[in-house]
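Just so it is clear, none of the values below were taken in a lab; they were calculated from the coordinates. Since the model is a prediction, treat every value here as computed from it, not as a measurement. Heads up, the Cβs are rebuilt from the backbone with ideal geometry, glycines too, and the neighbour counts pull from every protein chain shown.
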Amino acid sequence: MKKISMTLAALVLTLSCLFPMTAMAFEAAGDVYLGVYDKYLWRGFDLSGSLPVAQGGVDVSIGAFTVSYWSNMQLKNDAGLNAGEINETDLTLDYSRDINDLVSISVGNIFYALDGAEDTNELYAGVSLNTIASPSLTLYYDWDKAKEDGLFISLGVEHSFEVMDKLSVTPSLT
C-alpha cells in the first residue's frame, strides 16, 4: 500500500508541474459500473480460462484528474482460478484534457494488484483526435516489473451513435 501511495503522490506532483494552472472551480463527478462477461480478455490474452467473470469499478473525477478502482472476479472454478475470488484489482490515476477542439491527451499510471503474480505499475500517455472516428494512440510502459521490453502500443477508433435520449451505442476497434 505504501508503494501505491508513493507512486500516486509522485505522479500527481509530476503532472501538476507539466501543465499551466489557472483559477478554476472544481467539479466532482463519478460513476459506478458492473458487468458480467463470458471471459476476461486483456490485450488479446484470455486471463480467465474462457470462463465467465464479473468486473466492476468506481471512477471519481475532479477537474481533469480521475482516480479509478477496478476489479475482476472469477465466476466459475478452473485449475488455479477459484470462483468468487477477486484475482485482479487495478488502481488508476489519470490526467486528461483537451489541448484544442481537435486534440485530447491523457497521461497516468495504472497499479495492477494481481493474485498469483507480482504486482506492477504501468505509465501511459495517449492522444486522440476529436473527429468522426475518434482515432487514438496510447503508449503503455511497465516501469516496475517488466523483465524485457515493457512497452505496449494501442491504436484505436470508435464512434458513438445516440439511439435515444441517454442511450448510445459505441462500436470500437483497438
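Here are the numbers for the structure shown:
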| read-out | value |
| --- | --- |
| Stretch gain in nm, segment ASP46-ARG97, where the contour uses 0.36 nm per residue and the Cα spacing is subtracted | 15.1 nm |
| Rounded FRET efficiency, nearest 0.05, which uses the C-beta distance separating LYS166 from ALA133 and R0 of 25 Å | 0.60 |
| Residue exposure sequence - VAL127, VAL107, VAL163 - by fewest surrounding Cβ within 10 Å | VAL163, VAL127, VAL107 |
| Coil-residue GluC sites (Glu not before Pro) of segment 54-139, DSSP, other Cβ within 10 Å capped at 16 | GLU85, GLU118 |
| VAL60/GLU148 FRET efficiency (R0 45 Å; Cβ-Cβ; nearest 0.05) | 0.85 |
| Scaled radius of gyration (Cα, divided by 2.2 N^0.38 Å) that segment 105-149 gives | 1.46 |
| Area projected by the alpha carbon convex hull of segment 135-174, averaged over all directions, nm² | 4.0 nm² |
